[in-house]
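Here the structure is laid out as structure tokens; the discussion comes afterwards.
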Amino acid sequence: MTYFLPSHEYARIEDNLAYIGISKFAAEQLGNVVYVDMPEVDDEVVAGEEFGAIESVKAASDLFSPVSGTVVEINEELLDNPKLVNEDPEKHWIIKVEMRDPSELEKLLSPEAYAKVCEAEKH
Amino acid sequence: MKKTCLHSNHTSLGALMSPFGGFDMPISYEGIEAEHRAVREDVGVFDVSHMGEVLISGPQATLFVNYIFTGDISTLEPGKVIYGMMLNENGGVVDDLLVYKRSDSEYFLVINASNIDKDVAWIKAHAEKYDVSVDDQCDFWSELAIQGPRAEEVIKTVLGIDGSDLSFYTFKDIKTDNGQPIVLSRTGYTGEDGFELYAPAEVIVSAWNKLMQAGVAPCGLGCRDTLRFEAGLPLYGDELTDEITPLEAGLGMFAKVDKEGFIGREALVAQKAEGLKRKVVGLEIEGRAIPRHGYDVLDTDGNKVGEITTGYHSITLDRNLAMALVDSRFSALDTPLQVQVRRKVFPAKVIKKRFYTPKYKK
């Protein structure tokens with residue numbers, strides 16, 4: 001199951017783990033990604049709070065975490081090849097988080113609700 | 001928000017649009033990197049119709065323009081273009097602009113979109129004591145910039161306009177077959193050879209469509225900024241403001257302090273005598289982080305000594321570079337500094353701010 005924030009981050013849930021990245025829509029809007037600023041393994045992230053940033057040629061955008069928990073892995077591939085985010089943002093997640101409180105997922109957007117957010121931003 | 005005459009052309013190409021200088025402008029079409037490379041290696045076309053145009057004419061036009069402008073236009077030949085600034089009394093930059101000289105009694109000024117209202121008011125207020133007329137022609141002219149090594153060939157083959165007789169920073173007035181005026185100059189804001197073409201909207205729309213049919217890459221303001229940055233060219237709002245003088249911006253060569261009586265001259269003379277307290281420098285950053293406008297520049301002890309004015313991962317050079325306004329004690333080449341990027345600090349070093357050597361046709 002995948003959930004979204006209105007700020008365009010997704011959390012793909014597998015058991016107690018959340019794979020966090022940015023949506024296809026966000027990757028298209030950003031254009032060429034040149035740097036992903038990530039936390040370190042064992043850092044704590046908090047739902048709704050900034051955990052890093054993604055840089056396109058044009059600007060830096062903060063990344064917000066959909067869930068609270070501990071970073072158990074970062075996608076090191078993105079350090080050397082940040083453009084993977086443009087190629088397939090859903091495959092190339094940014095951080096993997098062990099969730100502290102799975103009930104937080106109830107506050108996130110479903111894929112259908114998120115699609116409506118994107119549609120509204122296009123106009 | 002204002003729209004240029006090509007607005008619907010941009011949206012139908014699927015451009016990413018964003019407000020700039022009061023206009024809804026295209027930032028990119030294919031992507032900033034591809035457009036940037038098209039201009040460096042081939043040719044690209046920009047809609048820059050947001051730029052403002054003001055005509056100064058009358059018996060005292062030379063006297064007046066010399067009074068409001070930092071460059072010396074009295075010795076400039078007709079048909080030449082000169083870059084410089086209008087300053088306030090404190091030496092701060094009201095705007096940076098191009099002046100096209102048609103004759104001693106007629107000058108065509110090209111100003112930044114974001115400053116149109118301010119500039120027109122400034123020019124008119126100072127013109128009262130002179131025998132000149134000030135004509136705001138912003139609504140009459142639209143503008144394309146055709147930039148890149150193939151620019152001369154493309155305007156010849158696609159638009160039927162010969163630019164081969166123009167050298168860098170010269171212009172000519174020409175007419176379309178049905179008598180519409182065109183101003184064509186060998187100028188640009190990319191560090192490449194190229195042309196800027198001013199004409200009424202219907203001429204510009206027709207030229208744009210021909211260029212699209214010929215496969216010329218449409219380029220947005222995104223790569224216009226990455227291109228000018230690599231060439232060390234300033235952007236008003238970043239390296240130049242009402243509070244930064246041309247000397248501080250490292251553009252002293254465009255402010256002729258030996259020229260008599262122009263607004264801001266006394267302030268520049270005083271600043272020269274006292275020595276500069278701050279200066280715009282180039283920085284190279286070690287590490288992957290990209291410094292952005294407004295980020296703090298620190299000395300090696302962590303004290304703030306300046307701010308980033310523009311920063312990018314340079315597309316042509318593949319390095320993390322910035323321009324920054326720093327305390328002049330830290331402005332010498334090779335001075336070690338640091339840049340704060342969000343929670344982390346990265347080492348940096350002062351380098352020349354002309355990161356990319358422009359390829360102008362002299």
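Read the figures in this text as sums done on the coordinates, not as results from a lab. Treat the numbers as computed from the prediction; the structure is a model and nothing was measured. Heads up, the Cβs are rebuilt from the backbone with ideal geometry, glycines too, and the neighbour counts pull from every protein chain shown.
Structure notes:
- Cα-based radius of gyration of chain B once divided by 2.2 N^0.38 Å, which approximates compact folds: 0.99
- Helix-only CD estimate at 222 nm, as mean residue ellipticity for chain B, using -39500 (n - 2.57) per DSSP H run (n ≥ 4): -6000 deg cm²/dmol
- Phi-based couplings in Hz for the range B:105-114 (Karplus 6.51, -1.76, 1.60; Gly and Pro marked x): 10, 8, 10, 10, 9, 10, 10, 6, 3, 5
- Long pairs among A:Lys107/B:Lys344; B:Lys304/B:Lys349; B:Lys80/B:Lys272; A:Lys24/A:Lys83; B:Lys156/B:Lys361, criterion Cα-Cα beyond 20 Å: A:Lys107/B:Lys344; B:Lys80/B:Lys272
- The Rg/Rh ratio of the range A:14-83, with both radii computed over alpha carbons and Rh defined as the Kirkwood radius, is 0.95.
- Cα principal axis extents for the range B:191-350, largest first, Å: 57, 48, 22
- Long-range tail of P(r) for the protein assembly as shown (Cα pairs > 43 Å, %): 22 percent
- Å³ per residue enclosed by the Cα convex hull of the range B:94-229: 125 Å³
- Applied to the range A:40-57, the Karplus parametrisation 6.51 cos²θ - 1.76 cosθ + 1.60 on θ = phi - 60° returns per-residue 3J(HN,Hα) values of 9, 4, 5, 5, 8, 10, 10, 3, x, 10, 5, 10, x, 8, 10, 10, 9, 3 Hz, with x for Gly and Pro.
- Alpha-carbon Rg/Rh ratio, for the range B:53-150, with Rh computed the Kirkwood way: 0.96
- Alpha carbon convex hull of the range B:277-351, projected area averaged over orientations, nm²: 4.3 nm²
- 5 angstrom amide H check on B:Leu337, placed H, neighbours 5+ away: B:Ala348, B:Lys349, B:Val350
- Per residue, the convex hull spanned by the alpha carbons of the range B:1-85 comes to 154 Å³.
- Remark: the range A:6-21, residue by residue, has Karplus-estimated 3J(HN,Hα) of x, 7, 5, 8, 10, 10, 8, 9, 10, 6, 9, 9, 10, 8, 10, x Hz, where x stands for each Gly or Pro and the curve is 6.51 cos²θ - 1.76 cosθ + 1.60 at θ = phi - 60°.
- Counting only DSSP beta bridges with both residues in the protein assembly as shown, the antiparallel share comes to about 95 percent.
- Among A:Ile74, A:His92, A:Asn16 the positive-end extreme of the charge dipole of the range A:2-122 (Cβ point charges): A:His92
- Taken about its Cα centre, the protein assembly as shown carries a charge dipole of about 1460 debye when Lys and Arg each add +1 at the Cβ and Asp and Glu each add -1 at the Cβ.
- Cα-only Debye scattering, the range B:245-319: base-10 log of I(q)/I(0) at q = 0.14, 0.16, 0.26 Å⁻¹: -0.62, -0.74, -1.20
- Viscosity 1.567 mPa s, temperature 4 °C, Stokes-Einstein D of the range A:2-122 from Kirkwood C-alpha radius, µm²/s: 92 µm²/s
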